[in-house]
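Since the structure comes first, as structure tokens, the remarks are kept for the end.
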Amino acid sequence: MRIAIFILLTAIANIAIADLPKNISHSQGDFKLCAKERVSKLWFDIVDVGIYYQDCDSAQHVFDDQTKLLRFAYLREVEGHQFTEGAVEYLQENLTSDDLNACSKPFEAINSVYKNVSSGDYYDLYLFENEGLKLYLNDQHLHDMDNTDCHSKYLYVWFGEETMDSQFNDLANKIKP
């Protein structure tokens, strides 16, 4: 009985901590939540992921080059090296060797800045159509990837054919018109 109550309280606490607001303001404009998905492993909720656009009706697909935001609101601790290792693995599995060679320096640079997160922390990954990627942790700027030839390709970390979890594909499918 005590274990069941503990699990219930933990689940309720996790739901309350996830930070996927309907709107997010950035210096370059306002973003609206267009789709969201909870990613879980076994019985553990890991992260709530939201895809934001300035105009949800204009969204074509997660890989479109339109300005967008991905928010990853964490429900438990994840170590920084796990982000880096996962990014490297899924980029290698999903991209051609030509794409990997062309984007290796920008990918290495962004993969080197990931930090440990705890429940309640969130990463924001902004993709600006003509500027590249900007990565933030809890509104603290961590990195800019200025290479616009590589910015959409970086999304293959989560949304490639080989994926960390099928729930990312479920999220991507919510964006298709």
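The values are calculated or read from the model by the stated rules, or taken from the named source; none is laboratory data. What you see is a predicted model; the values in this text were computed from it and never measured. FYI the Cβ positions are ideal-geometry reconstructions off the backbone, even for glycines, and counts take in every protein chain you see.
When segment 71-97 is filtered for residues that are basic (K, R) and under 13 Å from the mean Cα position of the chain (by Cα), only R71 remains.
Of all residues in segment 18-31, those that are surrounded by 11 or more Cβ atoms within 10 Å (Cβ to Cβ) have Cβ atoms under 7 Å from Cβ atoms of residues that are of a type in the set (F, W, Y), 6 or more apart or on another chain, in D19/Y122; I24/F31; I24/Y52; H26/Y126; Q28/F128; F31/Y52; F31/Y53. Within the option set L133, L100, L91, L125, being out of contact with any helix residue (DSSP H, G or I) (no Cβ under 7 Å at 6 or more places or on another chain) and either modelled with pLDDT of 95 or more or part of a strand (DSSP E or B) (or both) holds for one residue only, L125.
Among the residues of segment 47-88, what is the count of those that are in a helix (DSSP H, G or I) and charged (D, E, K, R)?
Taking segment 47-88 first, the residues in a helix (DSSP H, G or I) are 56-58, 80-88.
Checking the rest, the ones that are also charged (D, E, K, R) come to 57, 85.
Final tally of qualifying residues: 2.
Taken over segment 111-156, the criterion of being surrounded by fewer than 19 Cβ atoms within 10 Å (Cβ to Cβ) and on the phi > 0 side of the Ramachandran plot is satisfied by G120, N138, D139.
Let's see how each residue does on (1) free of Cβ contacts under 8 Å to residues at least 60 places away in the same chain; (2) among the aliphatic types (A, V, I, L, M):
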position	(1), (2)
K68	yes, no
L75	no, yes
V78	yes, yes
P106	yes, no
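On inspection, V157 passes the criterion of being of a type outside the set (K, R) and touching a helix residue (DSSP H, G or I) at 6+ places or on another chain (Cβ under 7 Å).
With respect to the conditions (1) closer than 19 Å to E129 by Cα; (2) surrounded by fewer than 12 Cβ atoms within 10 Å (Cβ to Cβ); (3) acidic (D, E), D64 lacks only one, and its number is (2). The listed residues are S104, S152, and the only one of them that is within 13 Å of the chain's Cα centre (by Cα) and polar (S, T, N, Q) turns out to be S152. In segment 60-81, the count of residues that are out of contact with any helix residue (DSSP H, G or I) (no Cβ under 9 Å at 6 or more places or on another chain), farther than 26 Å from H26 by Cα and polar (S, T, N, Q) is zero.
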